[in-house]
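Working notes, structure below.
The values are calculated or read from the model by the stated rules, or taken from the named source; none is laboratory data. These figures come from a predicted structure and were not determined experimentally. Glycine also receives a Cβ, built like all others from the backbone with ideal geometry; neighbour counts cover every protein chain displayed.
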Amino acid sequence: MQGLFPRPIDPTVDLKKQSEEGQGGGRVSRLCKDGKLIRSNAEDVKVISDIMKRGARISGNRQCMGWREGPNKPYQWMSFNDALKRMSNLGAGLIRKGLKPDNTTFVGVFSQNCPEWVLTEYACYFYSMVIVPLYDTLGPDACTYIINQAEITTVVCDTEERVASLVEQVRCTPTLTCIVHIKPISDGLRQKAAQQNIDLVSFAEVEKLGAARPHEHVLPKPSELATICYTSGTTGNPKGVMLTHENIVADVAAVQVHLGELKPRNDDVMLSFLPLAHMLERICETALFIEGGSVGFFQGDVRVLADDMLALKPSVTPVVPRVFNRIYDKVIGMTSGSAIKKGLLKMALSSKERELQKGIIRNTSIWDKLVFKKVREGMGGRLRLVVVGSAPLAGNVLTFMRCALGCAIIEGYGQTETAAPTTMTVLGDNAPDHVGPPIPCCAIKLVDVAEMQYFAHENKGEICIRGYNVFKGYFKDPEKTKETIDEEGWLHTGDIGMWLPNGTLKIVDRKKHIFKLAQGEYIAPEKIENIYIRSQYVAQIFVHGESLKSCLVAIVVPDMEIVNKWTDQKNLPKMSIQEICQNTQFKKAVLDDLTALGKKAGLKSFEQVKDVYLSPEAFTVENNLMTPTMKTKRPECKKYFVPQIEAMYRTLA
């Protein structure tokens, strides 16, 4: 990949035919042997607890997990064998604290990424317990719901703030009796916990308990639960996605096979900063550990993430599109005021794009030294593999980052319900705007969505997935499970896909009115509209977001009765609907009122609209923006207001 006369890389499959019809229906990876889906690609790995043991063996007990105590401090490292010992001690200590070593015991973890998160995870796996992540963006009510539904008695927590939030909610979570804190806790909080009959014990104390009285491992079966990963994909309470050991082992194995020569090695180092509560990060870390690679954790503050990159110099990292979007915007912004800089960037991109089209990936050209060096060094200067997931990435940004970083950038698609990746782009395929073929542990088929005019015989339809990485069902929710997994075992994703001629998948739409923003957060616009419609200023509202954008905007039709009252209060002359929609003072009043309503209703920051367009034209059946039953026709509204939506996003950029 390097050198004066660089050679193209060898793709793992024929780029013109990347998937094929499988034996049991649907399309499968051409890397499947005899068309059969894979469960594991290592004889000594059947359950997740085997992964860390294998990593220790094949790495020769190299460094496993690293962390920093603060800025300007070097990374400290824990070896694989030390990690294995601490995991066993922690698991045995939890048993000493009263937990049963079986698959009915659910342990909560409420923490940012850190070594203790992974130690807790594998301590559970070694003793057949199930790990249940909690995370802030779900909100306190959702955390309470999860603790109650899973009947969690013990939560491992990192900071005093998170411990305090659990203690404050304890009257609503009667099953919670023990909190294991990673960082020191104040005496005041300790007293408050004692008053609520909560046992506060330090992480180190639990490890000591286990070290003093070891307990033989109680290993799970591949079919048993490994984790319940809650997702806020729709309105209402979060859904608990039940993932087995086999689901995760199969997904990691398929990723390894799919990546071929790119797969993680025992000399690789990965930076962990995407939330471990989500499956993408956990799959990436597991793929490092199974090969004896190392994982270094960020300090916990994304504002100093660049400093962590420089200190760790990772060779592998997952990212979400938002990270690349910021880098792209920064570089474009730096060149916008200089014709010389803009010209150099254009020539550099043109040259590197021509190489990409030939399958050449390198960072040794003259353009890499003159133009792209700072971008590459800003991410540590040593990257060889980047995995992009969670939300779509614009084709121009993806191509720019491939040129700038001079390393392999793989884009993927998946869901929590499939343990994360389901498709990934193939090494050597540098065409943007698709998510690659299926990975070799699952099959994918498209089914008709007649109401949206998508038909499988036209290679378009709802994406359905079946295979070893497909989840067991939603915890204590057989109805939603039945709605999502059909009788033949196909998971209906709700996403609309299209097969491209080369056998890769392109995501083109969403079946339901739910979408992801660029940072990977799910949005249910109708829920937000139901809150905002309470605004006195609003007669009708349409909330819109895009997977390439990080915020929401809205189209608002003002209530003219309230408009007249507002103009009277402001001592302004009466205005027509056209005039009021142009009034910046009124627009601010509307936006402020929506924001206040959203806060009162508990909307998260990313669920709040950041700009509104005031429309003088109402949504009606006649203009095709409403159904006869007076429901907003979302696709038509989106098309109708394209100029206004684009104008708002340009202003917000």
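Can you find, within region 1-49, the residue that is surrounded by the fewest Cβ atoms within 10 Å (Cβ to Cβ) among those that are more than 25 Å from the chain's Cα centre (by Cα) and in a helix (DSSP H, G or I)?
Per the criteria, the residue is D34.
Tally up the residues in region 595-653 that are part of a strand (DSSP E or B) and modelled with pLDDT of 95 or more, please.
6
Is it the case that C157 is at pLDDT below 95 and buried (at least 23 other Cβ atoms within 10 Å of the Cβ)?
The answer is no for C157.
Tally the residues that are crowded, with 16+ Cβ neighbours inside 10 Å and basic (K, R), restricting the search to region 194-252.
1
Identify the single condition in (1) in contact with a Leu (Cβ under 8 Å, 6 or more places away or on another chain); (2) aliphatic (A, V, I, L, M); (3) over 15 Å from G380 (Cβ atoms) that L271 does not satisfy, given that it satisfies every other one.
All conditions are met except number (3).
Just name the residue that is farthest from A287 (Cα to Cα) out of those in region 53-74 that are in contact with a Phe, Trp or Tyr (Cβ under 7 Å, 6 or more places away or on another chain) and not in a strand (DSSP E or B).
R68
So which of I439, I463, I485, I528 is out of contact with any Cys (no Cβ under 7 Å at 6 or more places or on another chain), over 18 Å from D251 (Cβ atoms), buried (at least 17 other Cβ atoms within 10 Å of the Cβ) and among the β-branched types (V, I, T)?
Checking each option against the conditions leaves just I528.
Just one of V375, V397 is of a type in the set (V, I, T), farther than 30 Å from E151 by Cα and either within 21 Å of the chain's Cα centre (by Cα) or assigned to a loop (DSSP other than H, G, I, E, B) (or both); which is it?
Step by step, each of V375, V397 is checked, and only V397 is of a type in the set (V, I, T), farther than 30 Å from E151 by Cα and either within 21 Å of the chain's Cα centre (by Cα) or assigned to a loop (DSSP other than H, G, I, E, B) (or both).
Let me spell it out: the conditions are (1) surrounded by 11 or more Cβ atoms within 10 Å (Cβ to Cβ); (2) without any contact (Cβ under 8 Å) to a residue 40 or more places away in the chain; (3) closer than 27 Å to D509 by Cα; (4) under 26 Å from the mean Cα position of the chain (by Cα), and K599 meets all of them except one. Which number is the exception?
(3)
Go through M424, M401 for me and flag whichever is over 23 Å from V28 (Cα atoms) and touching a helix residue (DSSP H, G or I) at 6+ places or on another chain (Cβ under 6 Å).
Just one listed residue meets the conditions, M401.
Criterion first (in contact with a Gly (Cβ under 8 Å, 6 or more places away or on another chain) and either farther than 13 Å from L90 by Cα or modelled with pLDDT of 95 or more (or both)) does N113 satisfy it?
Yes; evaluated as a whole, the condition is true for this residue.
For region 344-372, give me each residue that is part of a helix (DSSP H, G or I) and among the β-branched types (V, I, T).
The one that is part of a helix (DSSP H, G or I) and among the β-branched types (V, I, T): I366.
Residue check, K374 against (1) of a type outside the set (A, V, I, L, M); (2) under 24 Å from G296 (Cα atoms); (3) surrounded by 20 or more Cβ atoms within 10 Å (Cβ to Cβ), all met but one. Which one?
The number of the failed condition is (3).
Conditions first: (1) in a helix (DSSP H, G or I); (2) surrounded by 14 or more Cβ atoms within 10 Å (Cβ to Cβ); (3) not polar (S, T, N, Q). K588 passes all but one, so which condition is the exception?
So the condition that K588 fails would be (2).
Within region 562-581, does at least one residue satisfy the condition of being aliphatic (A, V, I, L, M), modelled with pLDDT under 90 and not in a loop (DSSP other than H, G, I, E, B)?
Yes, the conditions are met somewhere in region 562-581.
For region 149-169, what are the residues that are in contact with a helix residue (DSSP H, G or I) (Cβ under 8 Å, 6 or more places away or on another chain) and among the β-branched types (V, I, T)?
Those that are in contact with a helix residue (DSSP H, G or I) (Cβ under 8 Å, 6 or more places away or on another chain) and among the β-branched types (V, I, T): I152, T154, V155, V156, V163, V167.
Say whether the condition of being touching a residue at least 12 places away in the same chain (Cβ under 8 Å), closer than 25 Å to E281 by Cβ and not basic (K, R) is met by at least one residue in region 188-206.
Yes, some residue in region 188-206 is touching a residue at least 12 places away in the same chain (Cβ under 8 Å), closer than 25 Å to E281 by Cβ and not basic (K, R).
Any residue that is part of a strand (DSSP E or B), at pLDDT 95 or above, among the aliphatic types (A, V, I, L, M) and in contact with a His (Cβ under 6 Å, 6 or more places away or on another chain) - is there at least one of those in region 418-425?
yes
Go through region 20-56 and report how many residues are free of Cβ contacts under 8 Å to residues at least 40 places away in the same chain and among the basic types (K, R).
Matching residues across region 20-56 total 3.
For region 241-343, list the helices (runs of 4 or more DSSP H) that sit wholly inside it and hold at least 3 residues that are at pLDDT 90 or above; which are they?
Correct list: 245-259, 279-289, 305-312.
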